[in-house]
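This report concerns only the one structure given below.
The values are calculated or read from the model by the stated rules, or taken from the named source; none is laboratory data. Since the structure is predicted, the reported quantities are computational estimates derived from the model, not experimental observations. The accessibility values were calculated without ligands, DNA or RNA, using every heavy atom of the protein model including side chains. Shrake-Rupley method; radii C 1.70, N 1.55, O 1.52, S 1.80 Å.
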Amino acid sequence: MALFGDLKHQTLADLAKVIHIHTGTLLFHSAYQGKTVELVLNRGHLHAMYLDGFPIQDLTQARAILHQLHVQGHGAFELHRQTLLVGDVRLYDQPFADLVYDIVESTLPGMPGPVVPADQLPHPDTRFTLTPQSPPVPASLVQLWARVQPHLAQGSSAAELAPRLDLSPHDMQTALYRLRALDLITPQRAAVSRPASVAHHAPMPQGPGGSTVDDITPVTLPPTSPAPRLLVQRLLGALRRFTQGGAA
């Protein structure tokens with residue numbers, strides 16, 4: 001039997017109470033930076049987490065992802081309950097309810113949540129801008145958002161914002177990480193400011209009389225079509241759930 005819902009109607013802490021003894025797979029559809037989060041639970045213990053089908057090896061990063069789901073307060077979820085897990089991959093063995101309660105208690109106004117792994121923080125020089133039609137701002141981030149938002153209309157980086165907002169570079173990177181996880185901001189792509197095509201000069205003629213600049217013919221290459229998005233990560237998750245077996 002599957003259980004459906006949304007975090008805007010049921011908090012992560014309430015959900016943890018409901019599934020604290022269950023075995024199965026908990027899915028959050030497109031809930032974290034547009035990606036699907038998949039949790040493998042065995043009798044209420046978190047054994048693995050996958051992000052678009054790829055395993056999250058570090059429990060600290062798994063905590064950070066759960067924290068973002070908690071503070072953003074929205075995201076459709078789906079629990080597929082099973083009687084057992086066949087070929088259970090155990091990346092960690094953590095009581096899910098205890099993990100969620102620790103995250104809830106550690107949330108502080110303005111700069112919430114557990115420590116974000118250093119390799120997950122954005123580069124200090126990465127520029128961010130506001131996301132069009134961004135989702136509602138969680139109450140825990142309202143104060144931070146009010147300070148940061150005016151500086152991101154034209155794009156800015158952690159290195160630029162830290163002195164303006166009187167924050168350390170690390171705290172500023174952490175703040176941008178959390179805002180990005182909630183889809184409130186997005187990296188400002190350098191490609192946006194580049195022309196769509198690049199002019200290449202044809203070789204100069206070798207005939208008598210030479211040539212001038214006006215004789216050079218520009219050759220415009222058509223823009224390269226973006227590669228289609230791979231579906232491997234989503235197929236991995238579906239295949240893993242299919243092979244786990246166990247009737248709901």
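Could you give the length gained on full extension between T126 and S30, defined as 0.36 nm per residue of separation minus the Cα-Cα distance, in nm?
Gain on stretching T126 to S30: 32.2 nm.
Cα gyration tensor of the stretch 3-104, axes a ≥ b ≥ c as square roots of the eigenvalues: rounded (a/c below 1.5), prolate (a/b > b/c) or oblate?
rounded
When the chain is fully extended, how far beyond the present Cα-Cα distance does L165 get from D119, taking 0.36 nm per residue of separation?
The L165-D119 span can extend by a further 14.2 nm.
Which order do you get for E38, E78 if you rank them by accessible area with a 1.4 Å probe, largest at the top? Please report the intermediate quantities before stating the final value.
Numbers: E38 5, E78 30 Å².
The most accessible residue leads, giving E78, E38.
Ignoring any ligand, DNA or RNA, what whole percent of the accessible area of the stretch 1-92 comes from carbon and sulfur when the probe is 1.4 angstrom? Each step should come with its number before you reach the end.
On the way: 2130 of 3800 Å².
Exposed carbon and sulfur together represent 56 percent of the surface.
Report the accessible area of H22, computed with a 1.4 Å probe over the heavy atoms of all protein chains in place, in Å² rounded to the nearest 10.
Here the residue's solvent-accessible area equals roughly 50 Å².
Once the piece of chain linking S134 and A13 is laid out straight, how much longer is it, given 0.36 nm per residue of separation minus the C-alpha distance between them? Write out the running numbers ahead of the final one.
Values: separation 121, 0.36 × 121 = 43.56 nm, distance 2.46 nm.
Using 0.36 nm per residue and subtracting the Cα-Cα distance, I get 41.1 nm.
Give a residue-ordered list of calculated ³J(HN,Hα) values for the stretch 43-53 (Karplus: 6.51 cos²θ - 1.76 cosθ + 1.60, θ = phi - 60°; whole Hz; x for Gly, Pro).
Each residue's phi maps through the Karplus curve to give 6, x, 9, 7, 9, 7, 9, 10, 10, 6, x Hz.
Using modelled amide H (1.01 Å from N, peptide plane; none on Pro or chain starts), what sits under 5 Å from the amide H of S30, excluding residues fewer than 5 places away?
Residues meeting the criterion, in which the H sits 1.01 Å from N, are T36, V37.
Can you bin the stretch 118-187 into rounded, prolate or oblate? Criterion: square roots of the alpha carbon gyration tensor eigenvalues sorted a ≥ b ≥ c, rounded for a/c under 1.5, prolate for a/b above b/c, oblate for the rest.
Since a/c stays below 1.5, the shape of the stretch 118-187 is classed as rounded.
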